[in-house]
Amino acid sequence: MSVPAALPSTEFQFPAWNNLYQIRDFVRNVQELSAACDGRTWELERLDLNTWRSPREPCPNLEVRYAVYADEESPFSSALDVDHAFLNFAVLLFYLPRERGRSLRVRFLLPAGWKVATPLEEEEGELSAPDYDALVDSPAEAGHFQEYSYTQELEVSAPRAKTVPSGAGKKVAEYQVIVHADPQDYPANRLLASLQKITAVETALMRDVPFSRYTFIFHFPRQGGGGGMEHRNGTAISVSASQVRSDWESVEAVAAHEFFHLWNVKRIRPQTLEPIDYVRGNDTRDLWFAEGVTSTFGELALLRAGLVTRGRFYARLAAEIRALENRPARYFQSAELAGREAWLEKYPDYHRPGRSISYYNKGALLGFLLDLAIRHASRNQSSLDDVMRRLNEDFARQGRFFALADLRAIIAQLAPSYTGLDAFLRDAVQGTCDLDYDTALGYAGLRLVRETHSLLALEFSAVKNFDGTIQVTDVEPRGNAQQAGLAVGDILLKMNGKSLYELPGFFLPALRPGQKVKLQVRRWGRTVGIEYALGTKQQTTCRLEELPNPSPEQLQVREGWLKGETTKAEVTASP
């Protein structure tokens, strides 16, 4: 890292977090740090875990050298091997905390035959970024990848604010698709066809193309894989090759979600996420909207693009409802609090159904219910689509960040007859009341049907720790397992005489109710035997049905919701 005209006591800092809502201490991978001023060795003073400082004198050309160990194949990290490099720059590069606004240039020294792809712009053989924030929001893929491209034209609306230069008119957007995978492991034509439908639907919804080139980076590994990470002008997505073959819908779903982040999160940003704090992270309660409502529009985009049928859309929505209702933590953890506690997601036991809910899951449901309520209150003249467009026009395109009060004000303007808005935000978003699906779905002539089934139950939950041990994280109160002495924290060694290398649920299909289970556990250095009879539990499944005779108002809301349409009020002149 070369720093021209370095100031006295220049500080160098390494991020502790980026991309995931959790502290990950990237500095753990930094090695062999040294510095020189015009060729003279300079000693850097370490101020804390992430920060170093140069001597108290200026330097015409300060050079810092270091190595970073990169061996995590995920959209959230970085990896370098003989086949390729995937680089998230916050995992790799220092920044100047007092001069974060300085422009940067990055140069790659590539092995013979390798090429590089990134959302960054290239100037004279180097990649350039206006500041560090822009740099680390632009990952890079290098190696022997497959590359595709397409363009789309969209009629872009002018912003409402007169202070912003008009961007109205037709705009051509370029899409770059980079794939690191064996070409045998994915259908290239189908991938492009799916992406073209998704990007066309979502840019039309937002009536905005805030980029000239958008870059999709896909990894389809034979082993591992999973997840997507949004960036300002691109995304990185990893799906296992086996899942690509068996569940193409999952590829489309993650692409639709990540592409909508182009607006929601990357441009439509809650004030609580600004300015970015790479060391302490940002304390935010808004992930239910930033991530959850992004999932709302990801699901709607699949339907409106014709990638899922109406019946499949209903089934996916019912599955989200069931997922939330199967988590007892919904009674004490609100959607807001789930977002604020996202920093705890790196701990396996945090994911217990009795400990946490998902702000993705509940946030998506809140988005659906809010959309239906707005459409009902406005007689389908306004929608959640309009809310997103207003946030984009009034905040994102003006460089402003929004708060919950701004969101409330926009909804109140679009649907002034929505008298239950304050109660919804208080009880459903900030509170822990069960969501009123029946009322909201009824606005669209839909009903939620619940059916209860009896299932075999182990009566406890467990996780596989990093060291391979399997540990009990939750035991059903007053169940047979608890009465037999099984306790949270027990390390499971054997089940029915066989050593456990997988989670016990893996063996459930071979068991039956009433069958005796013998567990051998380690507790406080002692080995304990536990025996109990397997019980059953009641599980509720959900499905959505269309009412056979919906009213014209219900049908109007339903069709508008599913198709992304509104019915603007007719204006007539009186004599």
Exercise. Before we move on, is Arg447 part of a strand (DSSP E or B), assigned by TED's automatic domain parsing to the domain that holds Phe368 and at pLDDT 90 or above?
Worked result: yes
Seminar exercise, completed: From the option list Thr527, Thr541, single residue qualifying as in a strand (DSSP E or B), surrounded by fewer than 16 Cβ atoms within 10 Å (Cβ to Cβ) and at pLDDT 90 or above is Thr527
Exercise. Which members of the stretch 255-276 meet the condition of being closer than 9 Å to Gly298 by Cβ and touching a residue at least 60 places away in the same chain (Cβ under 8 Å)?
Worked result: Ala255, Phe259
Exercise. Looking at this structure, is Pro55 touching a Pro at 6+ places or on another chain (Cβ under 6 Å), farther than 26 Å from Gly234 by Cα and either of a type outside the set (Gly, Ala, Ser) or in a loop (DSSP other than H, G, I, E, B) (or both)?
Worked result: no
Problem set entry | Answer residue from the stretch 501-520, given it is farther than 16 Å from Gly479 by Cβ and hydrophobic (A, V, I, L, M, F, W, C) and is surrounded by the fewest Cβ atoms within 10 Å (Cβ to Cβ) among those | Ala510
Exercise. Is it fair to say Leu425 is within 28 Å of the chain's Cα centre (by Cα) and part of a helix (DSSP H, G or I)?
Worked result: yes
For this session: Scan the stretch 269-298 for residues that are in contact with a Phe, Trp or Tyr (Cβ under 7 Å, 6 or more places away or on another chain) and closer than 22 Å to Glu320 by Cβ and jot them down.
Result: Leu287, Trp288, Glu291, Gly292, Thr294, Ser295, Thr296, Phe297, Gly298
For this session: Could you pull out the residue among Ala204, Ala241, Ala253 that is outside the structural domain of Arg426 (by TED's automatic domain parsing) and within 19 Å of the chain's Cα centre (by Cα)?
Result: Ala253
Exercise. When residues of the stretch 323-333 are filtered for being surrounded by 15 or more Cβ atoms within 10 Å (Cβ to Cβ) and over 18 Å from the mean Cα position of the chain (by Cα), how many remain?
Worked result: 5
Problem set entry | Count of residues meeting criterion [exposed (fewer than 14 other Cβ atoms within 10 Å of the Cβ) and either in a strand (DSSP E or B) or in the same structural domain as Glu174 (by TED's automatic domain parsing) (or both)] in the stretch 90-108 | 0
Seminar exercise, completed: Of those in the stretch 130-163 that are at pLDDT 95 or above and among the aliphatic types (A, V, I, L, M), the residue farthest from Asp394 (Cα to Cα) is Ala142
Seminar exercise, completed: Those residues of the stretch 369-386 that are assigned to a loop (DSSP other than H, G, I, E, B), over 25 Å from the mean Cα position of the chain (by Cα) and closer than 9 Å to Trp561 by Cβ come to a total of 1
Exercise. Out of curiosity, is Asp467 among the acidic types (Asp, Glu), modelled with pLDDT of 95 or more and within 31 Å of the chain's Cα centre (by Cα)?
Worked result: no
Exercise. If you go through the stretch 109-133, how many residues are surrounded by 14 or more Cβ atoms within 10 Å (Cβ to Cβ), more than 22 Å from Thr51 (Cβ to Cβ) and under 29 Å from the mean Cα position of the chain (by Cα)?
Worked result: 8
Exercise. Scanning for something outside any loop (DSSP other than H, G, I, E, B), of a type in the set (S, T, N, Q), surrounded by 14 or more Cβ atoms within 10 Å (Cβ to Cβ) and in contact with an Asp or Glu (Cβ under 7 Å, 6 or more places away or on another chain), does the stretch 75-82 turn up at least one residue?
Worked result: no
For this session: State which residue pairs qualify: first residue over 16 Å from Gly529 (Cα atoms) and inside the stretch 503-518, second residue of a type in the set (D, E, K, R) in any location, beta carbons under 7 Å apart, and separation of 6 or more residues or different chains.
Result: Leu503/Lys464
Seminar exercise, completed: When the stretch 450-471 is checked residue by residue, the ones that are surrounded by 10 or more Cβ atoms within 10 Å (Cβ to Cβ) and outside any strand (DSSP E or B) are Leu458, Glu459, Asn465, Thr469
For this session: Could you tell me whether any residue of the stretch 558-571 is β-branched (Val, Ile, Thr), surrounded by 11 or more Cβ atoms within 10 Å (Cβ to Cβ) and under 30 Å from Asp386 (Cα atoms)?
Result: yes
Exercise. Restricting to the stretch 470-502, what's the tally of residues that are on the phi > 0 side of the Ramachandran plot and either without any contact (Cβ under 8 Å) to a residue 40 or more places away in the chain or within 29 Å of the chain's Cα centre (by Cα) (or both)?
Worked result: 4
Seminar exercise, completed: Counting only residues in the stretch 290-337 that are closer than 15 Å to Tyr359 by Cβ and outside any helix (DSSP H, G or I), the one modelled with the lowest pLDDT is identified as Arg327
Exercise. For the subset of the stretch 23-62 comprising residues that are crowded, with 17+ Cβ neighbours inside 10 Å and in contact with a helix residue (DSSP H, G or I) (Cβ under 9 Å, 6 or more places away or on another chain), which member is farthest from Gly227 (Cα to Cα)?
Worked result: Asn50
Seminar exercise, completed: Counting only residues in the stretch 470-486 that are touching a Lys or Arg at 6+ places or on another chain (Cβ under 9 Å) and polar (S, T, N, Q), the one farthest from Glu459 (Cα to Cα) is identified as Gln471
Exercise. Among (1) modelled with pLDDT of 95 or more; (2) not in a strand (DSSP E or B), where does Phe506 come up short?
Worked result: (1)
Exercise. Given (1) on the phi > 0 side of the Ramachandran plot; (2) surrounded by fewer than 18 Cβ atoms within 10 Å (Cβ to Cβ), where does Ala319 come up short, assuming only one miss?
Worked result: (1)
For this session: Considering every residue within the stretch 219-241, establish whether at least one is in a helix (DSSP H, G or I) and either touching a Lys or Arg at 6+ places or on another chain (Cβ under 9 Å) or without any contact (Cβ under 8 Å) to a residue 60 or more places away in the chain (or both).
Result: yes
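Let's see how each residue does on (1) at pLDDT below 95; (2) within 30 Å of Glu341 (Cβ to Cβ); (3) of a type outside the set (Phe, Trp, Tyr):
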residue: Asn18; (1), (2), (3): yes, yes, yes
residue: Gly39; (1), (2), (3): yes, no, yes
residue: Asp83; (1), (2), (3): yes, no, yes
residue: Ala90; (1), (2), (3): no, yes, yes
Exercise. Does Leu562 meet the test of being hydrophobic (A, V, I, L, M, F, W, C) and within 30 Å of Pro328 (Cβ to Cβ)?
Worked result: no
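The values are calculated or read from the model by the stated rules, or taken from the named source; none is laboratory data. What you see is a predicted model; the values in this text were computed from it and never measured. Cβ sites come from the backbone with ideal geometry, for glycine too, and all protein chains shown count toward neighbours.
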